[in-house]
Amino acid sequence: MIMKKVIIGIVIFAKFFNANAQQEVMVSQYMFNGLFLNPAYAGSHKYVSSTLTYRNQWVDFAGAPKTFLLAVDGPLLNQKMGLGLILSNDKIGVTGQTDIYANYSYFVKLGEGKLGFGIKAGVSQYTSKVSDLTVWDSNDPSFQGTIKSALIPKFGFGTYYYTEKWYVGFSIPALVAENPKQDYNFSISNNATIQRHYYLTGGYVFKAGDKFNIKPTFLLKKEDAAPFQIDLNVMAFYMNAIGLGVSYRSGDAVSIMLNYQANKKFRIGYAYDITTSAIRTYSSGSHEIMLGFDFGKDIIKTKTPRYF
């Protein structure tokens with residue numbers, strides 16, 4: 001147990017303070033967290049929508065990630081614009097990351113759907129509680145002190161096209177970030193504070209008789225310093241109320257998902273990840289719970305749950 005804490009602490013500590021590979025927060029139920037992936041998603045519904053997610057990753061694995069995520073968004077000016085807010089907290093080992101982002105989107109009518117362009121701006125607060133580390137060389141200056149921290153402004157971009165039956169989106173959640181070790185500038189190519197993540201998402205809803213809807217979705221992820229990773233998912237909804245699905249995340253896990261639309265305003269979701277990587281030897285899997293609440297006068301007019 002101590003050895004695992006040492007290894008996790010040192011690896012995360014090195015990544016945090018050298019700023020070589022900051023990872024974006026990961027959730028399995030991303031298909032119900034559109035704003036988390038793409039700022040252009042803000043205001044894509046006629047009503048205000050909110051989602052609260054808690055993820056306990058790699059249960060029983062010392063120092064494994066624990067994540068809280070809150071997203072709220074709604075439309076403006078008859079759905080020509082949208083605003084959104086994201087609050088998140090991610091704890092991995094002795095390090096923590098707290099984010100707050102404002103999102104803005106603008107929509108134009110295109111064909112049978114709408115095309116949205118979005119931007120996001122906010123800050124990430126990174127902290128590391130050095131006193132919780134178990135180290136061999138206590139005199140190493142890198143491990144001196146109690147708590148180390150850094151505040152990093154970030155700016156992201158996304159585009160999102162959707163209709164009643166399908167959607168596709170592309171986003172870069174952290175296109176530009178301030179490097180505190182360099183003079184601040186907007187140079188995309190020279191900014192080395194983070195490794196950019198590129199997201200391509202898509203989904204479709206198929207009718208399967210009078211009572212079932214099938215929703216396949218995908219999420220393609222690429223990081224500057226890592227290979228492609230893909231999430232493939234399919235969910236079946238019964239009577240627009242109960243959803244059951246399965247997901248595959250390349251090189252990481254297979255997920256089983258449940259979703260229940262209690263009424264037009266409230267929904268709840270659960271995902272259990274079965275780890276397929278080498279970590280499965282030390283972990284019994286990952287748990288993720290999602291609560292959603294939609295409100296506003298237009299929510300009453302909606303006949304089906306929000307698939308996108």
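From the list PRO39, PRO65, which one is surrounded by 21 or more Cβ atoms within 10 Å (Cβ to Cβ) and either in contact with a strand residue (DSSP E or B) (Cβ under 7 Å, 6 or more places away or on another chain) or modelled with pLDDT under 95 (or both)? When all the criteria are applied, what remains is PRO39.
For segment 273-291, which positions are over 16 Å from LYS66 (Cβ atoms) and part of a strand (DSSP E or B)? Answer for segment 273-291, where residues must be over 16 Å from LYS66 (Cβ atoms) and part of a strand (DSSP E or B): ILE274, LEU291. Of all residues in segment 55-78, those that are free of Cβ contacts under 8 Å to residues at least 60 places away in the same chain and part of a loop (DSSP other than H, G, I, E, B) have Cβ atoms under 8 Å from Cβ atoms of residues that are surrounded by 15 or more Cβ atoms within 10 Å (Cβ to Cβ) and polar (S, T, N, Q), 6 or more apart or on another chain, in PRO65/GLN57.
Residues in segment 231-252 that are in contact (Cβ under 8 Å) with a residue 40 or more places away in the chain and of a type outside the set (Ser, Thr, Tyr): ASP231, ASN233, MET235, PHE237, ASN240, ALA241, ARG249.
So, in segment 263-281, how many residues would count as being farther than 18 Å from ARG55 by Cβ, modelled with pLDDT under 90 and exposed (fewer than 15 other Cβ atoms within 10 Å of the Cβ)?
Our first condition is that a residue be farther than 18 Å from ARG55 by Cβ; within segment 263-281, this holds for 263-266, 278, 281.
When the remaining residues are screened for being modelled with pLDDT under 90, the result is 263-265, 278, 281.
Filter again for exposed (fewer than 15 other Cβ atoms within 10 Å of the Cβ), leaving 263, 278, 281.
Matching residues across segment 263-281 total 3.
Of all residues in segment 89-107, those being small (Gly, Ala, Ser), in contact (Cβ under 8 Å) with a residue 60 or more places away in the chain and within 14 Å of ALA121 (Cα to Cα) number 1. Could you list all residues from segment 227-240 that are surrounded by fewer than 20 Cβ atoms within 10 Å (Cβ to Cβ) and in contact with a strand residue (DSSP E or B) (Cβ under 9 Å, 6 or more places away or on another chain)? Correct list: PHE228, GLN229, ILE230, LEU232, VAL234, ALA236, TYR238, MET239, ASN240. The residue that is modelled with the lowest pLDDT, among those in segment 294-308 that are under 14 Å from SER49 (Cα atoms) and loosely packed, with under 14 Cβ neighbours inside 10 Å, is ILE300.
Please find, among GLY243, GLY209, GLY251, the residue that is of a type outside the set (D, E, K, R), over 16 Å from the mean Cα position of the chain (by Cα) and within 22 Å of ALA278 (Cβ to Cβ). Talk me through it step by step, then tell me what you get.
Values: GLY243 fails: within 22 Å of ALA278 (Cβ to Cβ); GLY209 fails: within 22 Å of ALA278 (Cβ to Cβ).
Of GLY243, GLY209, GLY251, the one residue that is of a type outside the set (D, E, K, R), over 16 Å from the mean Cα position of the chain (by Cα) and within 22 Å of ALA278 (Cβ to Cβ) is GLY251.
SER142 passes every criterion in (1) at pLDDT 85 or above; (2) surrounded by fewer than 20 Cβ atoms within 10 Å (Cβ to Cβ); (3) within 24 Å of LYS91 (Cβ to Cβ) apart from (1). The residue list SER105, SER88 contains one member that is buried (at least 17 other Cβ atoms within 10 Å of the Cβ), more than 30 Å from TYR282 (Cβ to Cβ) and in contact with a strand residue (DSSP E or B) (Cβ under 9 Å, 6 or more places away or on another chain), which is SER105. Cβ separations smaller than 6 Å between residues 6+ apart or across chains give the following pairs from segment 188-209 residues that are modelled with pLDDT of 90 or more and β-branched (Val, Ile, Thr) to residues that are in a strand (DSSP E or B) and buried (at least 17 other Cβ atoms within 10 Å of the Cβ): THR201/GLY169; THR201/LEU219; VAL205/ASN213; VAL205/LYS215.
So that you can scan it fast, the table gives a plain yes or no per residue for (1) at pLDDT 70 or above; (2) more than 26 Å from MET26 (Cβ to Cβ); (3) β-branched (Val, Ile, Thr):
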{"residue": "LYS120", "(1), (2), (3)": "yes, no, no"}
{"residue": "VAL130", "(1), (2), (3)": "no, no, yes"}
{"residue": "GLY156", "(1), (2), (3)": "yes, no, no"}
{"residue": "THR159", "(1), (2), (3)": "yes, no, yes"}
{"residue": "TYR162", "(1), (2), (3)": "yes, no, no"}
{"residue": "PHE186", "(1), (2), (3)": "no, yes, no"}
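The values are calculated or read from the model by the stated rules, or taken from the named source; none is laboratory data. Just so you know, these numbers come straight off a predicted model, no measurement behind them. All Cβ positions, even for glycine, are placed from backbone atoms using ideal geometry, and neighbour counts span all protein chains on display.
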